[in-house]
Each structure stands twice: as C-alpha cells, then as structure tokens.
Amino acid sequence: MGVALVTGGTSGIGAAFSRQLAARGYDLVLVARSEERLAEMATEIRALGRSVEIIPADLGDRADVARVAARLEDPDRPIDFLVNNAGFGIHTRLTDPDISTHDRAFEVMCRTVLVLSGAAARGMLPRGTGSIVNVSSTAGFITMGNYSAIKAWVTSFTEGLAVELRGTGIQVTALCPGWVRTEFHQRAGISASSIPNSLWLDAEQLVRAALRDVERGKVISIPTVRYRVLMWLARHAPKSAIRKISGALSSSRRKPVAP
C-alpha cells in the first residue's frame, strides 16, 4: 500500500490510525514525544508484519517540526498517507495572563498542521496521489474557548487545502470526532461522567469510519449519524443558543492532569 506517517501515533486516535493503516498494508513512520511509547507501538505494529520508523519529536519545537517536514518531502522515501493527529486539550481561560498554553496549542495544532500538510502535499504532487487527514473536532462547531477556535481553524484550513489540491489526485480530509474514549479527556481535565454515554465514541470504530470517508473522497468526516445531526443543528441554530450550550459543556472541565 505504501508508507503512512502518523503524528501522535502512540495513543488514542493516533494509535487507532497506526493499527488500522498497518492492517491495510501500510508501513509506518510514527512521530511522538515519548521514545518509550514509540518503541512500544513500533513493536506492536511490527508484529503485524509491517516495517516501522520512529521519529521522536516535540511538535511544539519548530526545529523538530522541520525534521518531520523534511521526512515528508524526502523523494527517496515517499510518504503516501499523512495523519496530523498530535494535539491536546486546553483548560486555560482566554483571559488568563499566562498565555504559554495557548502559544503551545497554536504551535502544535495550527502551525504544525500547516507545515506538515504543505510538506506532505509537495511530496505527493509529483506522484499525483496521496492522502492527508487532519484530526480536527466537532468542538470547532461550538464555542468552548481556544480549543474550539483552533479546531475551527483546522477544519477551515483543511477545506482550503482540499480546494487548492483539487484535481491533483491528493485526498484531503478533516476528521471531526466528538467525545472519544481515550486518555485525551483525562489529560485535558474533562470529567467523563458529565458526558452522556450516547455521545461517547470508540477510537477504533471512529478511525474505521474515517478511512472509509477518505476512500469516498469526503473532505469533512463526522462520525455517526447522531453527530452529523448535532453538527447540522450547530451550524443552523441561533448563535446565542450555541454559546449557552457551550457554556454548559465547559462546566464539565476540571483542573487538568499534569503531563
């Protein structure tokens, strides 16, 4: 099938992408901060009969991002599928005088997505084929602080890139999941007990649906009928209602767990 590069590919949605792309016949390039977790995931994927390259990198560090971008553009080792998955929840208030968390969020979830998507596209263009998946969120359709703002940017950016690459053979998709049962929400300081069971998704099922949407050429992938209905309502409901709902959802947050 080729080679897939997955950022944040050692846990949660990223790990599900890693497993399922390997099961589909892709060799993998895994990018994450923890060398230990990279080694563990590499062992798991190699057991499936696929080769794995690991790149320890902090995607909040521009030098590390440049190294990953160079790997994406290497003409001698082409990448056929990019998953921009690395990210984290934001608990910091918009009015907090310390904006360091916001700065890092912009670096990891906006600038890195921009840089790596562009690098992947440049590597794929001469071959006229490839796929880019940017993991966004249904949070981008509501107004839960800077996380919503960043994910709205990721979705909009992905749509713009899809327009720019139309007719090139490169498929670009924004995956917009809702609440997924991973460690993400614990680390973000979100109380799982406050979210209705009907809104929780399984990471493996989510990724399976996302890969189907990529094959079908969808630019926006929203999992399950219930989430597609909810996001349709979010687009068409009065903004005042969306802000009220967003405020209620934001109350589910608590002090975040230190990384």
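Count neighbours as other Cβ atoms within 10 Å of each site's Cβ, and list the trypsin sites (Lys or Arg not before Pro) in the range 65-106 that are DSSP loop with at most 14 such neighbours. Please report the intermediate quantities before stating the final value.
Working: sites: ARG67, ARG71, ARG93, ARG104; in loops: ARG93.
Passing sites in the range 65-106 are ARG93.
Using only the alpha carbons of the range 2-250, determine the length spanned along each of the three principal axes and report them from longest to shortest in whole angstroms.
52, 38, 32 Å, listed from the longest principal axis down.
Give me, ordered by chain and number, the residues 5 or more places off ILE220 or on other chains with an amide H under 5 Å from its own placed amide H.
Hits under the 5 Å cutoff: ALA174.
ASP74 to VAL225: extension gain in nm, 0.36 nm per residue of separation minus the Cα-Cα distance? Don't jump to the answer; show the numbers that get you there.
Working: separation 151, 0.36 × 151 = 54.36 nm, distance 3.94 nm.
Full extension of this stretch gives 50.4 nm more.
Got a sec to turn the phi values of the range 80-94 into Karplus ³J(HN,Hα) couplings, 6.51 cos²θ - 1.76 cosθ + 1.60 with θ = phi - 60°, whole Hz, x for Gly and Pro?
The phi angles translate into 9, 8, 10, 10, 8, 10, 4, x, 7, x, 10, 9, 5, 5, 5 Hz.
Mind running the shape call on the range 28-76? Use the C-alpha gyration tensor, a ≥ b ≥ c as the square roots of the eigenvalues: rounded below 1.5 for a/c, prolate if a/b tops b/c, oblate otherwise. Could the numbers behind the result be given before it?
Values: a/c = 4.44, a/b = 1.41, b/c = 3.14.
The shape class here is oblate.
What FRET efficiency comes out for the pair LYS239/ALA47, r = Cβ-Cβ distance, R0 = 45 Å, nearest 0.05?
Computed FRET efficiency for LYS239 and ALA47 comes out at 0.35.
How high is the FRET efficiency between GLU215 and GLU36 when r is their beta carbon distance and R₀ equals 41 Å, given to the nearest 0.05?
On the way: r = 34 Å, r/R0 = 0.82.
FRET efficiency, GLU215 to GLU36: 0.75.
Once phi is turned into θ = phi - 60°, what whole-Hz ³J(HN,Hα) does the Karplus curve with 6.51, -1.76 and 1.60 give for every residue of the range 216-229, x standing for Gly and Pro?
7, x, 7, 8, 10, 10, 10, x, 6, 4, 5, 6, 5, 5
Determine ³J(HN,Hα), in whole Hz, for all residues of the range 17-24 in sequence, where each value follows from phi through the Karplus function 6.51 cos²θ - 1.76 cosθ + 1.60 and θ = phi - 60°; x replaces Gly and Pro.
Result, ordered by residue: 4, 4, 5, 6, 5, 4, 5, 7 Hz.
Every read-out reported here was derived from the displayed coordinates using simple, explicitly stated rules and does not represent laboratory data. All of these numbers come straight from a predicted model, not from anything done at the bench. Positions of Cβ are generated from backbone atoms using ideal geometry, with glycine treated the same way; all protein chains shown enter the neighbour counts.
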